[in-house]
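The values are calculated or read from the model by the stated rules, or taken from the named source; none is laboratory data. Keep in mind it's a predicted model, so treat the numbers as computed, not measured. We place every Cβ from the backbone using ideal geometry, glycine too, and count neighbours over all the protein chains shown.
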Amino acid sequence: MKDILNRLIAFETLSKEEAKQILIRISTEEFSEVQIASFLTVFMMRNITLEELEGFREALLEMCLSLDFSEYNAIDLCGTGGDSKNTFNISTLAAFVTSGAGVHVAKHGNYGVSSVSGSSNVLEFLGVKFKNDEEFHKRCLDQAGICILHAPLFHPAMKSVAPIRKSMGLKTFFNMLGPMVNPSRPKQQVVGVYNLQLLRLYSYLFQKTHESFAIVHALDGYDEISLTQKAKVVTHNAEYVLDAQSFGVNAHALEDIHGGETVNDAAEIFMNVLNDSCTDSQKNVVCANAALSISVAKGVDITTGFNQAKESLESKTALKNFKTLVELSSY
């Protein structure tokens with residue numbers, strides 16, 4: 001590790017294969033926590049290259065517990081996190097809304113590192129029990145239209161890194177990697193990223209690995225469609241900008257999509273949205289993000305996707321799917 005760190009400090013970059021091998025070696029607990037933290041810190045101080053990101057991604061996918069959901073053609077909705085905005089769990093809610101619109105969803109997620117409540121935090125609080133059994137997740141897809149893939153159960157090789165990330169409490173390149181290493185390797189995906197440089201890197205990689213996708217970054221820094229400002233979207237066949245008017249609603253204030261100060265706050269907002277007893281701003285931002293995933297999965301325009309997302313919430317189909325998932329996971 002010393003040689004690698006010296007090279008990186010001297011502004012050298014890693015080849016794809018070097019990046020892959022160093023992450024595999026980290027997983028074997030060959031290095032100390034200080035060395036790993038130093039390695040992570042380098043990539044907070046400079047941009048990661050496409051070759052480095054691709055190498056890290058290949059390492060994690062090679063070491064993960066894989067799942068085969070090819071018969072479902074499921075989509076994943078996942079943000080990188082790390083935008084320091086502390087919104088409520090928009091993409092997780094959008095995943096349930098998307099499932100309620102008839103799209104199978106294989107949602108990859110984890111505990112929050114730089115936010116109050118990550119996807120796994122709020123779902124666990126609300127009674128979802130995480131498992132890594134393939135047949136269980138297929139039952140979830142069959143009966144609830146959605147399954148939750150809790151990252152630590154599928155990437156056990158990275159257990160040595162988890163406490164270091166938690167202790168640092170900062171976004172690292174693992175935030176970048178999270179949406180790229182869904183163990184079911186979905187061919188359809190919607191990803192929110194925290195800057196434009198990462199949006200471009202994702203688009204290069206997804207062109208190689210995905211049949212259809214949308215990568216989004218709100219220009220005021222959110223890793224999702226925020227409706228507070230315009231959002232840049234790159235798909236498998238287009239680039240465009242969305243804003244509140246694209247969905248026929250008014251722009252929102254930053255505080256309208258705040259996530260609260262505790263997991264309990266996040267869970268309360270989560271259930272208010274699913275029960276369609278939330279604010280208009282909360283409903284609109286969830287449906288906007290679900291609309292993007294519905295448009296990717298079904299090939300419909302964004303307005304049709306938004307209307308289907310609203311129907312999923314208002315009919316309580318999204319809520320029904322959530323309750324079914326909780327019940328299935330309790331067995």
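Laid out as a table, the results:
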item: Complete set of residues in the stretch 101-116 that are of a type in the set (A, V, I, L, M), modelled with pLDDT of 95 or more and part of a loop (DSSP other than H, G, I, E, B); result: Ala101, Val103
item: Helices (runs of 4 or more DSSP H) enclosed by the stretch 272-331 - at least 2 residues per element that are over 25 Å from Tyr240 (Cα atoms) and in the same structural domain as Thr92 (by TED's automatic domain parsing); result: 302-314, 317-329
item: Residue within the stretch 249-270 that is modelled with pLDDT of 95 or more and at positive phi present; result: no
item: Some residue of the stretch 245-259 being crowded, with 24+ Cβ neighbours inside 10 Å and part of a helix (DSSP H, G or I); result: yes
item: Scope the stretch 93-104; condition touching a Phe, Trp or Tyr at 6+ places or on another chain (Cβ under 8 Å) and either surrounded by 24 or more Cβ atoms within 10 Å (Cβ to Cβ) or closer than 15 Å to Lys283 by Cβ (or both); matching residues; result: Leu93, Phe96
item: Given (1) farther than 15 Å from Pro179 by Cβ; (2) at pLDDT below 95, index of the condition Thr80 fails; result: (1)
item: Number of the exception - Leu77 against (1) surrounded by 24 or more Cβ atoms within 10 Å (Cβ to Cβ); (2) in a loop (DSSP other than H, G, I, E, B); result: (2)
item: Long-range neighbours under 6 Å by Cβ, at least six apart or interchain, first residue within 13 Å of Ala288 (Cα to Cα) and in contact (Cβ under 8 Å) with a residue 40 or more places away in the chain within the stretch 234-254, second surrounded by 15 or more Cβ atoms within 10 Å (Cβ to Cβ) and among the aromatic types (Phe, Trp, Tyr); result: Phe247/Phe306
item: Within the stretch 1-51, tally of residues that are part of a helix (DSSP H, G or I) and either of a type in the set (A, V, I, L, M, F, W, C) or closer than 21 Å to Lys166 by Cα (or both); result: 25
item: Answer from Val97, Val42 - the residue that is assigned by TED's automatic domain parsing to the domain that holds Ile215 and either among the hydrophobic types (A, V, I, L, M, F, W, C) or closer than 28 Å to Val263 by Cα (or both); result: Val97
item: Residue within the stretch 52-64 that is more than 20 Å from Thr172 (Cα to Cα) and part of a strand (DSSP E or B) present; result: no
item: Every residue from the stretch 296-331 that is among the aromatic types (Phe, Trp, Tyr) and in contact with a Phe, Trp or Tyr (Cβ under 7 Å, 6 or more places away or on another chain); result: Phe306, Phe322
item: Candidates Ala218, Ala238 - the one that is of a type in the set (A, V, I, L, M) and either farther than 22 Å from Phe96 by Cα or more than 16 Å from the chain's Cα centre (by Cα) (or both); result: Ala238
